[in-house]
């Protein structure tokens with residue numbers, strides 16, 4: 001299988017990893033600081049993950065989020081496409097430092113957007129429906145129907161926050177390889193300033 005997330009060739013240097021996950025700057029980021037949490041096993045999405053892997057994902061996401069909030073001083077927009085909109089068909093979670101404090105009312109109130117508590121709800125929805133999108137902002141988590149028209153609102157929110165345009169072929173990106181390398185430099189500096197309990201083991 002020629003999966004770029006499985007063989008890990010031509011990817012930016014890993015920030016840190018756990019038994020079943022690794023954290024890496026996005027090679028083609030939507031914004032400075034855009035980071036991915038990738039499963040080492042070839043899973044279609046995190047909705048297909050075991051309960052143990054979901055717990056590991058929670059802990060890994062918490063650590064990555066602490067770093068990104070400290071290093072980029074912005075709220076985090078956390079997103080997973082499930083299997084609905086992936087460009088790489090391998091489980092990966094996007095963490096993006098963006099100036100988004102709250103979701104717009106039209107997204108919050110839409111019937112295709114459901115408030116959830118954690119990944120167990122994602123797994124249940126995926127088992128029943130085969131698709132979803134996952135959204136986390138601050139203390140709120142939302143499950144979005146994988147093919148809902150409300151996804152146009154999500155694209156609009158991201159476009160406004162990043163200053164990017166979305167075309168038929170995808171995002172027109174303005175970030176550079178220097179933005180990607182900067183994530184690694186900031187992570188090294190952050191690790192040097194935190195307690196040993198949060199450092200890479």
Looking only at region 1-16, and only at residues there that are touching a residue at least 24 places away in the same chain (Cβ under 8 Å) and surrounded by 13 or more Cβ atoms within 10 Å (Cβ to Cβ), the one that is nearest to residue 179 (Cα to Cα): 12
Flag for residue 71 being part of a helix (DSSP H, G or I), under 25 Å from residue 5 (Cβ atoms) and either at pLDDT below 95 or over 14 Å from the mean Cα position of the chain (by Cα) (or both): yes
Residue 135 vs. criteria under 17 Å from residue 78 (Cβ atoms), within 16 Å of the chain's Cα centre (by Cα) and modelled with pLDDT under 95: no
First in region 148-159 and touching a residue at least 24 places away in the same chain (Cβ under 8 Å), second anywhere and outside any loop (DSSP other than H, G, I, E, B) and surrounded by fewer than 17 Cβ atoms within 10 Å (Cβ to Cβ), Cβ under 8 Å, 6 or more apart: 150/106; 153/106; 158/166
Residue in region 165-190 that is surrounded by the fewest Cβ atoms within 10 Å (Cβ to Cβ), counting only those that are at pLDDT below 90 and more than 23 Å from residue 10 (Cβ to Cβ): 168
Out of 163, 138, 124, 130, sole residue that is on the phi > 0 side of the Ramachandran plot, free of Cβ contacts under 8 Å to residues at least 12 places away in the same chain and out of contact with any strand residue (DSSP E or B) (no Cβ under 6 Å at 6 or more places or on another chain): 163
Any hit, region 111-128, residues being touching a helix residue (DSSP H, G or I) at 6+ places or on another chain (Cβ under 9 Å), at pLDDT 90 or above, in a loop (DSSP other than H, G, I, E, B) and within 24 Å of residue 52 (Cα to Cα): yes
Options 80, 106, 136: the member that is touching a helix residue (DSSP H, G or I) at 6+ places or on another chain (Cβ under 9 Å) and more than 30 Å from residue 192 (Cα to Cα): 106
Residue list for region 17-36, restricted to those being buried (at least 19 other Cβ atoms within 10 Å of the Cβ), in contact with a helix residue (DSSP H, G or I) (Cβ under 7 Å, 6 or more places away or on another chain) and within 17 Å of residue 180 (Cα to Cα): 23, 25, 29, 30, 31, 32, 33, 35
Residue within region 107-114 that is in contact (Cβ under 8 Å) with a residue 40 or more places away in the chain and in contact with a strand residue (DSSP E or B) (Cβ under 8 Å, 6 or more places away or on another chain) present: yes
Whichever residue in region 37-68 is in contact with a strand residue (DSSP E or B) (Cβ under 8 Å, 6 or more places away or on another chain) and in a loop (DSSP other than H, G, I, E, B) and, among such residues, is surrounded by the most Cβ atoms within 10 Å (Cβ to Cβ): 45
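The values are calculated or read from the model by the stated rules, or taken from the named source; none is laboratory data. The shown structure was predicted, so the numbers you read here are calculated from the model rather than taken from an experiment. Don't worry about glycine lacking a Cβ; one is built from the backbone with ideal geometry, like all the others, and counts go over all protein chains shown.
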